[in-house]
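Notes follow the structure.
Every number here is computed from the coordinates shown, using simple stated rules; none is lab data. Quick caveat, the model's predicted, so the values are computed rather than measured. As a convention, Cβ positions derive from the backbone with ideal geometry for all residues, glycine included, and neighbour counts pool all protein chains shown.
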Amino acid sequence: MPRDIQRFHVGIKAFVLDGDRLLLLRESASGLWELPGGRIDVGEETLPQTEVLRRELGEELGADHGVEIGPLALTWVRERLPGDFVFLVGRLCRWTGGTLRLSAEHDASAWVAEGGEREHKLAHGYPEAIAEFRQALRIQPDHP
């Protein structure tokens with residue numbers, strides 16, 4: 001008997017670090033905190049992940065942000081709405097300076113040191129993803 005296969009949207013997120021501080025953004029619509037980045041748009045299916053993420057960061061952080069996009073860091077799943085799942089690919093990124101100018105999609109930003117993310121109401125899947133990311137950094141501390 002055939003089994004049902006889950007279908008996902010796919011998004012690319014940035015674990016943006018400034019030293020040991022991680023950048024979080026608060027979604028305007030839900031009030032939940034997440035990482036910058038977003039889903040792949042129609043027509044971007046064959047683009048490199050870095051190009052898709054660069055576009056998303058420009059939209060969400062403004063033209064004057066400075067983020068160096070690094071290697072794959074982690075994958076996880078977020079349930080946005082009941083039955084609406086997004087498969088997320090997280091890239092290790094480094095803040096290089098500049099100014100944050102948030103789009104209407106987000107109404108606040110925060111730089112959080114390890115453990116500081118627990119003070120923010122994170123979107124589904126993010127507490128576990130951030131904990132796994134922080135653990136990986138402790139194992140391999142040489143990051144961009």
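Between Glu119 and Arg3, what's the calculated FRET efficiency when r is the beta-carbon distance and R0 is 30 Å? Round to 0.05. It would help to have the intermediate numbers written out before the result.
Values: r = 41 Å, r/R0 = 1.35.
Efficiency for this residue pair is about 0.15.
In nm², what is the average projected area of the convex hull enclosing the Cα atoms of the stretch 8-66? Display every interim value, and only then the final one.
Values: hull surface 20.2 nm².
Average of the hull's projected areas for the stretch 8-66 equals 5.0 nm².
Percent antiparallel among DSSP beta bridges with both residues in the chain, to the nearest 5? Walk me through the numbers before you get to the answer.
Values: 26 of 36 bridges.
Taking every DSSP beta bridge within the chain, about 70 percent pair in antiparallel fashion.
Put a dot 7 Å past each Cα toward the Cβ at Arg101 and Gln135; how far apart are the dots in nm?
With each label point 7 Å from Cα toward Cβ, the separation is 4.0 nm.
Under a 10 Å cutoff between Cα atoms, tell me which one of Glu59, Glu114, Glu27 has the largest fluctuation in the Gaussian network model of the chain.
Per the Cα network of the chain with a 10 Å cutoff, Glu114 tops the list.
So what is the relative contact order of the stretch 1-142, in percent, for Cα pairs below 8 Å that sit 6 or more residues apart? Intermediate values should be presented prior to the final figure.
Details: 254 pairs, mean separation 46.0, N = 142.
Relative contact order comes out at 32 percent.
Could you please state, rounded to a whole Å, how far the C-alpha centre of the stretch 43-57 is from the C-alpha centre of the stretch 87-144?
With the stretch 43-57 and the stretch 87-144 each reduced to a Cα centre, they are spaced 19 Å.
Taking the Cα-to-Cβ direction at Asp18 and at Glu44 and moving 7 Å from each Cα, how far apart do the two end points lie in nm?
Placing both labels 7 Å along Cα→Cβ, they lie 2.4 nm apart.
Provide, as a two-decimal number, the C-alpha radius of gyration of the chain over 2.2 N^0.38 Å, N being how many residues it has. List each step's numbers first, then the result.
Details: Rg = 15.0 Å, N = 144, 2.2 N^0.38 = 14.5 Å.
This ratio for the chain stands at 1.03.
Using 0.36 nm per residue of separation minus the Cα-Cα distance, give me the extension gain between Leu81 and Val10 in nm, one decimal.
Details: separation 71, 0.36 × 71 = 25.56 nm, distance 1.47 nm.
Value of the extension gain: 24.1 nm.
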